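Below is one structure, written out as structure tokens; the observations come after it.
The values are calculated or read from the model by the stated rules, or taken from the named source; none is laboratory data. Source: prediction; values computed, not measured. Cβ placement follows ideal geometry from the backbone for every residue including glycine, while neighbour counts extend to all protein chains displayed.
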Amino acid sequence: MSDFLRVNRDGDVAIVTIDNPPVNALSFHVREPLMQALVELRDDASVAAIVIACAGRTFVAGADITEFGKPMQQPELRAIVATLETIAKPTVAAIHGTALGGGLELALGCHFRVADAGARLGLPEVKLGLLPGGGGTVRLPRLVGALKALKMIVSGAPIGATEAHAAGLVDAVFEGDLTTHAVNFAREIARKGGPFTPVRDRDDRLRETDLAAFDAEAADLAKKARGLEAPIACAQAVRNAITLPFDEALVAERALFVKLVASDQSRAQRHLFFAEREAAKLPGKDIVKRRIARVGVIGAGTMGGGIAMAFANGGYPVTLLETSHEALQRGLATIDKNYSVSVTRGSLTADAKRERLAQFEGSTDYADLADCDLIVEAVFEDMAVKKEVFGKLDAVARPGAILATNTSYLDINEIAASVSRPQDVLGLHFFSPANVMKLLEIVRADKTAPDALATVVDLARRIGKVAVVVGVCHGFVGNRMLAARGSESEALLLEGATPSQIDQAFTDFGWPMGPFQMGDLAGLDIGWRNRKARGQTAVIADTLCEQGRFGQKTGRGFYLYEAGARTPVPDPEVEALIRDKAAEKGIAPRAISAEEIIERTLYPLVNEGAKILEEGIAARASDIDVVWVNGYGFPIGRGGPMFWAGLEGPAKIVERLDYWHQRTGRDVFLVAPLLKRMAGAGSWEAGG
Ligand code: 3HC
Ligand code: NAI
């Protein structure tokens with residue numbers, strides 16, 4: 001009856017199949033025929049039961065996100081679900097793949113839900129800065145209880161079919177042909193006879209709610225929201241489901257949804273959703289990718305160990321190479337310990353740990369890398385050492401193997417030029433801890449072959465990374481911009497701000513931590529070594545490092561850390577050191593506002609981003625946002641530095657950069673021509 005929806009009959013059971021690739025989103029062209037079909041089937045006396053199923057790889061993955069921000073065309077999802085609830089004969093949602101957001105809300109409109117054993121169900125709207133706007137906050141608690149619904153809706157994390165069954169969300173779980181099972185299920189239920197109670201009228205689970213326990217849990221979740229409005233609204237909506245009559249709670253949910261969908265935070269999070277998917281797209285769709293069956297990792301230190309785990313977790317066998325047996329054993333022991341922590345925390349079973357560890361082969365002999373299809377080097381950050389390693393790889397790696405470096409700053413073109421196969425060389429810049437952090441900067445060198453690049457972009461997705469392709473420059477996208485932020489953070493210290501005052505301005509903005517807490521966590525010695533290699537200085541950080549204050553790992557850095565603790569304690573010695581250094585430079589301390597801190601650190605960040613875009617180091621402004629949100633903790637509710645620049649007002653940023661450039665003469669404030677054009681044109685694309 002439509003290109004996107006068909007109705008078939010299996011005897012007296014009607015099967016409505018939504019077919020809207022790739023993820024069966026509830027676009028207008030699905031909603032319209034769906035509504036019509038439901039009304040017709042409701043009124044058709046020859047139909048005893050209705051199954052709603054989906055074609056393709058998944059059940060409905062939600063509302064069509066591309067329709068947000070535009071006038072909503074009728075019928076809306078809410079009306080469809082309400083219509084479903086007027087049907088007296090049994091309705092059954094047959095869920096395979098994922099039932100997410102509006103998809104699960106559609107299923108909640110049915111009397112019954114059956115699922116494939118591999119299905120996942122959830123309400124992830126919060127990740128888009130929203131709450132479920134199709135009745136999810138009011139119906140889910142009626143099935144699974146208020147506390148479980150609260151956790152699911154505020155976290156946005158989906159649950160598996162078995163858990164959903166145990167929780168009461170799903171009525172039966174099947175393996176094999178789901179539609180056939182669903183039809184049989186529906187027929188059997190219809191035969192037994194009704195009445196069938198719609199979810200809206202089931203409130204026995206809600207009546208069990210301990211409101212005090214609910215409020216305590218909600219308060220706990222609110223603390224973690226870090227300035228985001230959506231998690232708070234989600235909790236409020238679920239509370240309404242407990243305290244208000246169904247229809248009133250539904251109206252309240254709608255009001256919250258309307259407010260959130262128009263908010264900058266939700267716009268920012270939706271921008272990031274599409275930005276992450278866009279970043280992984282390369283021109284030339286038909287490139288044949290190289291086969292990757294085994295991965296080699298050189299260096300089992302901080303990064304090498306984590307990188308090896310990332311591949312093993314993604315199902316790839318790994319050969320891990322070190323210079324000595326002792327270093328290798330140390331590296332493998334750390335990996336073992338990390339998996340044990342996961343087992344203790346319950347995120348990994350003991351069996352899964354054994355399977356993961358079985359993926360590793362240790363070696364100290366380069367010849368053992370001969371069967372690897374991708375080899376990632378993670379040795380010391382030293383060009384001579386890297387070239388020596390690549391020289392050895394050139395001798396042993398099989399033809400066509402991809403040779404990658406995890407360098408943070410070094411010139412990958414120079415590394416590539418040192419081997420006989422520069423087309424196979426690229427950068428895979430993982431972030432620490434590499435088995436946890438989502439971001440992967442994939443560095444395309446001048447001679448990198450398109451198929452090598454396409455292969456690693458695909459591989460990144462397979463191991464659960466968010467990949468961004470960047471070009472070669474000092475520090476690539478992330479660390480290069482970080483340097484622009486870092487130099488001003490230090491200047492602010494000398495002018496009178498304290499580390500904790502600056503960090504506080506950052507956390508108030510929504511960052512998980514400020515620059516000094518982050519430096520202490522990562523280790524101040526890394527930046528120190530890098531500055532020394534480039535003949536640069538940062539007077540405060542350098543002095544701290546000279547005193548052996550490397551941050552958390554030495555118990556002292558910009559802050560003090562009590563034995564084993566991660567909580568930074570302001571250190572009067574550091575504050576005295578800052579004042580002394582300022583006095584030596586003849587700088588009189590002054591009061592510095594939070595506004596100035598943000599302006600002085602984040603405007604140069606945006607400015608550097610504009611330079612990176614102009615040079616073609618990043619292909620899109622949104623790629624830079626993906627790097628900063630996934631690699632450096634830029635607040636998701638602000639959409640990344642380049643998106644935020646649009647909200648902040650590019651003209652204002654240009655004006656303030658000019659002002660600070662006149663006052664300080666520093667290059668970080670020298671306005672990028674692209675930023676100036678963007679201020680005139682209104683968007684990065686139009687400016688570029
Ligand atoms: N609307 C529009 N487009 C969507 C979409 C949606 N809800 N979900 C996915 N897409 C698009 C993606 O942008 C991508 O497009 P592209 O190929 O042009 O880049 C394509 O579908 C495939 O998506 P993925 O690359 O993400 O495919 P995966 O197989 O890796 O993942 C998925 C599938 C798990 C369903 C994942 O796409 C996903 O999480 N989607 C979003 C789910 C979601 O947030 N749903 C809630 C929406 S809000 C809502 O329902 C409001 C309601 O309460 C009123
Ligand atoms: P690390 O010092 O923890 O580990 C380096 C390891 O390489 C050591 O175990 C060492 O024994 C081994 N090694 C040295 N020379 C070798 C050789 N010739 N053959 C085999 N193994 C050798 O260093 P880390 O921090 O893991 O850094 C590694 C690389 O990753 C560097 O290029 C660094 O810039 C980069 N990087 C580091 C990040 C971090 O946060 N630590 C983040 C992203 C990249």
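Brief remarks follow.
- Considering A484, A454, A445, the condition of being more than 16 Å from ligand 2 (Cβ to nearest atom), closer than 20 Å to Y409 by Cβ and surrounded by 18 or more Cβ atoms within 10 Å (Cβ to Cβ) is satisfied by A484 alone.
- Residues of segment 420-442 satisfying the condition of being outside any helix (DSSP H, G or I) and more than 15 Å from ligand 2 (Cβ to nearest atom): S420, R421
- Failed criterion for T98 (all others in (1) farther than 24 Å from L121 by Cα; (2) among the hydroxyl-bearing types (S, T, Y); (3) in contact with a Pro (Cβ under 7 Å, 6 or more places away or on another chain) hold): (1)
- Segment 203-258 holds helices (runs of 4 or more DSSP H) entirely within its bounds, and those carrying 2 or more residues that are modelled with pLDDT under 95, more than 27 Å from the chain's Cα centre (by Cα) and not assigned by TED's automatic domain parsing to the domain that holds I636 map to 204-207.
- Selected residue (only one of V114, V138, V173 is more than 18 Å from G97 (Cβ to Cβ) and either assigned by TED's automatic domain parsing to the domain that holds F68 or exposed (fewer than 15 other Cβ atoms within 10 Å of the Cβ) (or both)): V138
- Condition check for E381: closer than 19 Å to A445 by Cβ and in a loop (DSSP other than H, G, I, E, B): yes
- Condition check for V376 on (1) touching a Leu at 6+ places or on another chain (Cβ under 7 Å); (2) over 21 Å from I463 (Cα atoms): one failure, at (2).
- Out of Q329, Q269, sole residue that is within 16 Å of ligand 2 (Cβ to nearest atom) and out of contact with any Asp or Glu (no Cβ under 8 Å at 6 or more places or on another chain): Q329
- Top-ranked residue of segment 46-87 - restricted to ones that are more than 20 Å from F112 (Cα to Cα) and aliphatic (A, V, I, L, M), ranked as farthest from ligand 1 (Cβ to nearest atom): M72
- Entirely in segment 1-106, the strands (runs of 3 or more DSSP E) that have 1 or more residues that are loosely packed, with under 15 Cβ neighbours inside 10 Å and of a type in the set (S, T, N, Q): 5-10
- Counting only residues that are in a strand (DSSP E or B) and more than 16 Å from ligand 1 (Cβ to nearest atom), segment 443-468 holds 2 of them.
- Among residues of segment 62-110, those that are β-branched (V, I, T), touching a Lys or Arg at 6+ places or on another chain (Cβ under 8 Å) and over 25 Å from A161 (Cβ atoms), counted: 2
- Residues in segment 279-317 that are at positive phi and either of a type in the set (K, R) or crowded, with 19+ Cβ neighbours inside 10 Å (or both): G299 only.
- Residue in segment 589-599 that is over 30 Å from E575 (Cβ atoms), surrounded by fewer than 24 Cβ atoms within 10 Å (Cβ to Cβ) and over 20 Å from the mean Cα position of the chain (by Cα) present: no
- Inter-residue pairs, beta-carbon under 7 Å, first under 15 Å from T180 (Cβ atoms) and in segment 111-122, second of a type outside the set (A, V, I, L, M, F, W, C), 6+ apart: V114/D171; V114/H181; D116/H96; A117/E175
- All of A149, A82, A167, A99 fail the test of being in the same structural domain as L228 (by TED's automatic domain parsing), within 19 Å of L206 (Cβ to Cβ) and without any contact (Cβ under 8 Å) to a residue 60 or more places away in the chain, apart from A167.
- Residue match in segment 274-282 (condition: within 12 Å of ligand 1 (Cβ to nearest atom), in a loop (DSSP other than H, G, I, E, B) and small (G, A, S)): yes
- Pick from segment 649-675, criterion crowded, with 18+ Cβ neighbours inside 10 Å and without any contact (Cβ under 8 Å) to a residue 40 or more places away in the chain, ranking: farthest from E490 (Cα to Cα): P650
- Residues of segment 144-172 that turn out to be over 25 Å from the mean Cα position of the chain (by Cα) and more than 23 Å from G11 (Cα to Cα), as a count: 11
- Of all the criteria given as (1) closer than 26 Å to T455 by Cα; (2) buried (at least 16 other Cβ atoms within 10 Å of the Cβ); (3) within 11 Å of ligand 2 (Cβ to nearest atom), the one not satisfied by E388 is (2).
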